Amino acid sequence: MIKEWKVYIVECSDGSFYTGITTDIDRRILEHNYSLKAAKYTRSRRPVRLVYEESASNRSEASKREYSIKRLKRKNKSSLILSEKNEL
C-alpha cells in the first residue's frame, strides 16, 4: 500500500496557523487536539481546526512544500487557504 502524504494547515484557538505533514489527516487532527503526540506548538493552542490540505507524491515533496508554506507571510497563507475554499 502506497502512503499518500498530505501537507496541512490548522488554525489554532489563538488564530495562529500551524503547518505540518501526515499520511492520515483525521488521526493527526485528533492528536493535535487531544493527544500528547501533538506538536508542542499546538498543545498550548487547542483546539485546532483544519483549514487547508493538499496532496504530495511522497514524503520528500511534502516536506519541501511544508517548508515553503511555513516561510510564507500570514497574509499569503490566508490567501492560500481562501483559494482552496473557493475551489471546493
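The values are calculated or read from the model by the stated rules, or taken from the named source; none is laboratory data. Given the structure is predicted, the values throughout are model-derived calculations rather than measurements. We place every Cβ from the backbone using ideal geometry, glycine too, and count neighbours over all the protein chains shown. Ligands, DNA and RNA are stripped out before the accessible areas are found, and what is left, the full protein with its side chains, is counted by its heavy atoms. Shrake-Rupley method; radii C 1.70, N 1.55, O 1.52, S 1.80 Å.
Filtering segment 47-77 down to residues that are part of a loop (DSSP other than H, G, I, E, B) and open to solvent by less than 80 Å² (accessible area, probe 1.4 Å), which residue is nearest to Tyr18 (Cα to Cα)?
First pass over segment 47-77, keeping only residues part of a loop (DSSP other than H, G, I, E, B): 47-48, 57-58, 71-73.
If we keep only those that are open to solvent by less than 80 Å² (accessible area, probe 1.4 Å) as well, we get 48, 58, 72.
Details: Val48: 9, Asn58: 20, Leu72: 12 Å.
Ranking the candidates gives Val48 first.
For a quick check of your reading of the model, give me the residue pairs whose first member lies in segment 36-61 and is closer than 14 Å to Ile81 by Cα, whose second is among the aromatic types (Phe, Trp, Tyr) and modelled with pLDDT of 95 or more, with beta-carbon atoms closer than 6 Å and at least 6 apart or on different chains.
Glu53/Tyr8
Please identify the pairs in which a residue from segment 1-27 that is under 16 Å from Leu82 (Cα atoms) and among the polar types (S, T, N, Q) has its Cβ atom under 8 Å from the Cβ atom of a residue that is assigned to a loop (DSSP other than H, G, I, E, B) and open to solvent by 20 Å² or more (accessible area, probe 1.4 Å), counting only partners at least 6 apart or on another chain.
What qualifies is Ser16/Arg45.
Does Asp26 meet the test of being outside any strand (DSSP E or B), surrounded by fewer than 15 Cβ atoms within 10 Å (Cβ to Cβ), among the charged types (D, E, K, R) and under 13 Å from the mean Cα position of the chain (by Cα)?
For Asp26, the condition - outside any strand (DSSP E or B), surrounded by fewer than 15 Cβ atoms within 10 Å (Cβ to Cβ), among the charged types (D, E, K, R) and under 13 Å from the mean Cα position of the chain (by Cα) - is met.
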